[in-house]
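Single-structure report; data block below.
Here, each number is a calculation from the coordinates, and none is a lab measurement. For clarity, every value in this text was computed on a predicted model and none was experimentally measured. Please note: Cβ atoms are built from the backbone with ideal geometry, for glycine as well, and neighbour counts cover all protein chains shown.
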Amino acid sequence: MMTGLEITNLKVGYSRNEVIHGLDIKVNPGEKVALLGANGAGKSTVLRTISGLLNPTEGSITFNGEEIGGSNPATLVDMGIIQVPEGRRVFPGLNVEDNLKVANYGKSPDLLEEGLETVYRKFPILEERRKQAAGLLSGGQQQMLSLSRAIIAKPKLLLIDEMSLGLAPLLVKDFYEQLADLFSEDVTLLLVEQNAGLALKYCSRFYVLRNGELVLEANSEDYKDNPTALQSAYLGVD
Amino acid sequence: MVDYIQIAWQGLVSGFAYALIGLALVMVYKTARILNFAAGTMAGISGFLAHWWAAENDMPFALAIIFALIMTAVGTYVIERLTVRPLIKLGDFLPIVIMTLGVEELLANVSLLWWGGSAQRYRVPGDIDRINWIIGDFRLNAWHVVVAGTTFATLSIVGYVINQTELGLGMKAFAEDQDAAKLMGVKESTVSIWTWVLSALVGGVTGIVYAPVLFLQQDYMNIIFIKGFVAAILGGFLSLSGGVAGGLLLGELEAFTIKWAPREFAAALPVVIVFIVLLIRPHGLFTREKGHERV
Amino acid sequence: MSTDNQQAQTALERAKIPLPRFLKKNHYFGFLGILLVYLLAGTYSAYSLTIMSTIIFAIIGASLIVVFGMAGQLTLGHTIFVAGGVFLSANITMEWSRGLETELPIAFAAMFILGLIVGFPSLRVNELYLALATFAVAFVGVQVLFEWEQFTGGGSGKPVGKLEFFGREFSRGPTLVRIALIIMLFTFWVVGNFQDGRTGRAWNALRTSETAARASGLPVAWLKILCFAIGGGLAALGGVLYAHTLRFAIPENYGVNLSIIVVLALIIGGKHRLMGAVLGAAYVKWLPELSRDVQEYEGLIYGGTLIILTLIAPDGLVGMFEWAAERIKSYKKSQDGEDLDSKIAASNTTPLKSEYLSSIGSDTSRGHLVVNNAAVAFGGVKAVDDVSFEIPAGAVTGLIGSNGAGKTTLFNAITGHVKGATGEFILDGKSVSGKPIHIRALAGIGRTFQNLNLHDDLNVLEHALIGLDRTTNYSRISESFRLPWVLREEKKAHFIAAELLDHMDLLEYWDEKVEDLPYGLQKRVDVVRALASNPGILLLDEPAAGLPTAEALEMMQKVQEYAKHISAGVLIIEHNVELVADVSERIIVLDAGKTIADGTPEEVTRNEQVIAAYLGT
């Protein structure tokens, strides 16, 4: 039953503090949806919860009809729910190829062969540096590596957390343009971004999060050419 | 001249023990950021088990060792599941450390009850621990050669597991970045269990192979455990090879100090080294400083 | 109290906060308990060895409370101080033919000094390594004792001489028990005085959040070394008693095993409370009395108890009692259904006008901050790239920027919480560039934290008192004997703290543990702690994060009021631009480590570059 990602009344908290106050988000199969908002809005918290690093205190998260809230992260990876985490999070002491291998953890070696071939074709520089420690790569190269790990994992639901963080704007633009090429059409995507302009060009729909609450849900069409209109939603000022 | 070689060899033989235990300690620390205080006692029990199977149950020497190691692995699994696992979720290391202290006390008592306090000799086939080959002025004990061989074999196996298997890759990734590793599908419980079991097996092998050297007695592995820790500090607690190198270095320093320094000082050497290393280079001699991890 | 003669009551009085006293209820109970045993000392001579052991263990436990319970340093080598006391005693009585009047002070002094040395690793390694390092010290210590034949008599040990005091000899038995009780009384009293004083608070602070402790101006390094020294000295007193109990000193007894048992005893009892030291000592020493068999299974029992306790009752026996007491208290509260608010009488004056806070007020504007060429680089990335600005005294300034812009890093560069920052930082004419965190705090830099860094286990009032540490004036030696001026300063600090709580509307929660409070109140506690240190400039790290805007604004208003009262400057990092625009006179905007805008809120929020940086066009 392909229903995509459905989040209902999600509440997440750390000890006594509730950070996410009841979210409803829907991403249909194959849809590309953006989750926007300023810092501290709680966007990463939402992704971390979907991926099992945090447990919801209330509410439900389902993927294709199956309840996944509170699951073990490894189980979710098996289901094809893959995250490209904020800040890349490559393994600095491991070399590039080992970083890619980890993405194939627990899966068949043939898939790895296939995946490496694809990745090295799209990012030749990674092949060039395959034996180099990932910590020595530049920010942009680390982002390539991070995306490549996701490619190898063959995601059904792809979660990308702030790809623009700490990268030169031109580079980020590049990555966004490549996204369609890197992942197949029918991958369901939930993309977290602070930079609305870029995200809207690639996603068909978006939500805006502020202080743990949804303040806006709309189609990209309506805002694509004028992202500054989102200002009040983001910043809370006129 | 031969004198020096003799001392250097002696230092190596002790150094192998420190290196192995250092390795075992660093392994657990790297992945789980915990120190296992029961490691020395656990290693000692492995030695007692091997002796028990061989001497009391007339099992062939090699088989006894295998049985002992299997029991060590199973025992470690039980300890990890029952005592460590529930506390990992708390996020605070202190309860776990205290827990391993409790395990240490418990196991020490168990071994005392089971095997008694007096020293026993661990018999090896052909009594080769009594065989010494004389090469010129150099005396080479046959069992020491076995020790050396075992050390290399163990290090090779561990190296293989860590560097050539998927499990090892998962462990390395987990040690570098827990969250990122989980996002790749690496299971925390699997890594935890295998780290502990592997570490206990290394300790067990050390306990068994050094039993003829040190004599089986209560707490005979404790001093090795302490020096293994010093080795780990010397090597930088985050480096597996550093721990090994640290152990060999400690063995050598110790051997030469015993020869030329007053006995009190030789006894205090490990602590002195700890202090000096902490004073000058807290992150260890063999690792580059990583700004974000406080030693 | 009739409304006719209603005077201005202080916040402390209104909230019925008990004033610090020389002796508390606990002191009386403790004294009575000790007196009881003192009087009965003659009767149960069959058990006198066990009683002595219990007393000695309680003393060692109390000394360990200083190191472990309060300062949080898990030391497994504590018995080295006991051993030191034991062998010093043996040598002094036999070689010098002197009595307790020499043994006690020398043992204390010698082990105090050893403690200063042993404490040193705690500065360089994290708590985990420290546990193992002290374990190693204990182990190797015994080896050294074995080899050092002149001092210890090697394996065979040394006899201990007569029990005397200034030449007057005492027989062992009940007299020894009484002497031990007196020493126990002394030790407990001293440790208790620290618990009730600023050093105890400082130790608790560094145990629960070292980062915050430094930011409050506490000299963390010195405090760590000091706790080992004091703990060591007190443990040595136990050692002297041990020597006279056993009449013979053997190195073998003082190894790792004893160290572990000592820690165990404390944890079983409950590591924060002196009562825990007594309970733990009793558990460990009386259990073997129950049957001979128990002695054989000591390790199993102690180890097993420890494992079970760690899993279900980490705060030990005392912890279980306290947990039960809390449950009863909150059950009664819910039964009574009283409204907390009505418990605190209204005041007819504002806290700022109270006699205590008005004396703190200042007319000299402070908070003149000059930042020149600040730069911080992580790896190859320039998080802060040559930032310079000057904030006039008494100003309220906002610092905003998108994620990764570098504002938190810049903030931390000012307070000293980030390594490798270059550039000049000058506050009110004093340079703080390159200085350690607590020195900067003492120079007038106060801050709050994004993740609060509160001291779990401590209540709201204690947080304010910790903030007040730099103005609470008495020496640590005075503190150990609770001399009159200590009491005076403590009372003053309590009055001031209460007024501060009142100002931030926290008064009614003064004795709540902070981890039980809702997030909004926790944020205010963080603020109160910072305000209490009377900063020249107050740096607020995302004060509105996680709060509804209305609540955040209310809190900010109170902060500003107080800042004005002490003429301090305020620098705020925020994401909530609405809030910052509302409270600041000026806003600095960072992007990719550089300043891209600097002006009034109106100017900045309409600045195109700023909007582009936030929304990305």
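Dividing the radius of gyration of the alpha carbons in the stretch C:173-293 by their Kirkwood radius gives 1.02 for Rg/Rh.
Show log10 I(q)/I(0) for chain C at q = 0.08, 0.11 Å⁻¹, two decimals, from a solvent-free Debye sum over equal Cα scatterers. Calculated log10 I(q)/I(0) at the listed q: -0.67, -1.07.
Rounded to the nearest 5, what % of DSSP beta bridges with both residues in chain C are antiparallel? Show your work: numbers first, answer last.
On the way: 25 of 42 bridges.
Within chain C, antiparallel bridges account for around 60 percent of the total.
Coupling constants for the stretch C:448-463 follow from the phi torsions by the Karplus curve (6.51 cos²θ - 1.76 cosθ + 1.60, θ = phi - 60°), and in residue order they are 10, 10, 4, 9, 6, 6, 7, 9, 4, 4, 9, 8, 4, 4, 4, 4 Hz; glycine and proline get x. The Rg/Rh ratio of the stretch C:377-427, with Rg taken over Cα atoms and Rh as the Kirkwood radius over Cα pairs, comes to 0.95. Within the listed set B:135, B:273, B:70, the residue fluctuating most in the Gaussian network model of chain B (springs between alpha-carbon atoms under 10 angstrom) is B:135. Tell me, Kirkwood radius of the stretch B:5-87 from alpha-carbon pair distances, in Å? Roughly 14.7 Å, rounded to one decimal.
For chain A, relative contact order (Cα pairs under 8 Å, six or more residues apart, normalised by length) works out to 27 percent. Scoring C:128-135, A:69-76 by mean Cβ neighbours within 10 Å over their residues and listing the highest first yields C:128-135, A:69-76.
Once you mark the trypsin sites (Lys or Arg not before Pro) that are in a DSSP loop and have at most 12 other Cβ atoms within 10 Å, what is the longest gap between them in chain B? Let's see the in-between values first.
Numbers: sites that count: B:89, B:288, B:294.
That would be B:90-287.
Convex hull volume of the C-alpha atoms in the stretch A:36-113, normalised per residue: 134 Å³.
Given the pairs C:16/C:333; A:11/A:154; A:43/A:101, which span a C-alpha to C-alpha distance of over 20 angstrom in this model?
Working: C:16/C:333 17 Å; A:11/A:154 29 Å; A:43/A:101 28 Å.
Over 20 Å Cα-Cα: A:11/A:154; A:43/A:101.
Between the amide H of residue C:165 and those of C:100, C:170, distances stay under 5 Å, these residues lying 5 or more places away or on another chain, with hydrogens modeled in the peptide plane.
Using only alpha carbons, the stretch A:5-225 has a radius of gyration to Kirkwood radius ratio (Rg to Rh) of 0.96. Build a GNM of chain B with springs between Cα atoms under 10 Å apart, and of B:128, B:280, B:98 the one that fluctuates most is B:280. Out of every Cα-Cα pair that chain B contains, those further apart than 31 angstrom amount to 28 percent.
Scan chain C and hand back the longest stretch that contains none of the GluC sites (Glu not before Pro) lying in DSSP loops with at most 14 other Cβ atoms within 10 Å. Don't jump to the answer; show the numbers that get you there.
Working: sites that count: C:338, C:585.
The segment C:1-337 is the longest one with no such site.
Karplus-based coupling profile of the stretch C:522-530, in residue order and whole Hz: 4, 4, 5, 5, 4, 5, 4, 4, 5, with θ = phi - 60° in 6.51 cos²θ - 1.76 cosθ + 1.60 and x standing for Gly or Pro.
The base-10 log of I(q)/I(0) for the stretch C:369-615, evaluated at q = 0.13, 0.15 Å⁻¹, reads -0.82, -1.06 [Debye formula, identical scatterers on Cα atoms, solvent excluded].
Under a 5 Å amide H cut-off, with hydrogens placed 1.01 Å from N, residue C:539 pairs with C:446, C:447, C:448, C:571 among residues at least 5 apart or on other chains.
Which percent, to the nearest 5, of DSSP beta bridges fully inside the stretch C:369-615 are antiparallel? Taking every DSSP beta bridge with both residues in the stretch C:369-615, the antiparallel ones total about 55 percent. Its relative contact order, with pairs defined as Cα atoms under 8 Å and 6+ residues apart, puts chain B at 37 percent. Using C-alpha pairs under 8 Å with a sequence gap of at least 6, the mean separation divided by the residue count of chain C gives a relative contact order of 18 percent.
Each label was represented as a point 7 Å from its Cα along the Cα-to-Cβ direction; for residue C:353 and residue A:57 these points are 4.0 nm apart. When chain A is treated as a GNM with alpha-carbon contacts under 10 Å, the residue of A:204, A:108, A:146 showing the greatest mean-square fluctuation is A:108. Cα convex hull, the protein assembly as shown: 204 Å³ per residue, rounded to a whole number. For the residues of C:146-152, the average number of beta carbons from a partner chain within 10 Å of their own beta carbon is 3. For the stretch C:1-100, the Kirkwood hydrodynamic radius comes to 18.6 Å, computed from all pairs of different C-alpha atoms.
The calculated FRET efficiency for the pair residue A:3 and residue B:153, based on their C-beta separation and a Förster distance of 41 Å, comes to about 0.15. Treating the stretch B:22-175 as a set of equal point scatterers at the Cα positions, no solvent, please give the Debye-formula log₁₀ I(q)/I(0) at q = 0.10 Å⁻¹. Values returned for q = 0.10 Å⁻¹ are -0.49.
May I ask what percent, to the nearest 5, of DSSP beta bridges between residues of the protein assembly as shown are antiparallel?
Values: 52 of 87 bridges.
The answer is about 60 percent antiparallel.
May I ask you to list the aspartates and glutamates whose Cα is less than 17 Å away from that of residue C:594, ignoring any residue fewer than eight positions away on the same chain? Straight-line reach from residue C:594, under 17 Å: C:385, C:386, C:390, C:424, C:574, C:608.
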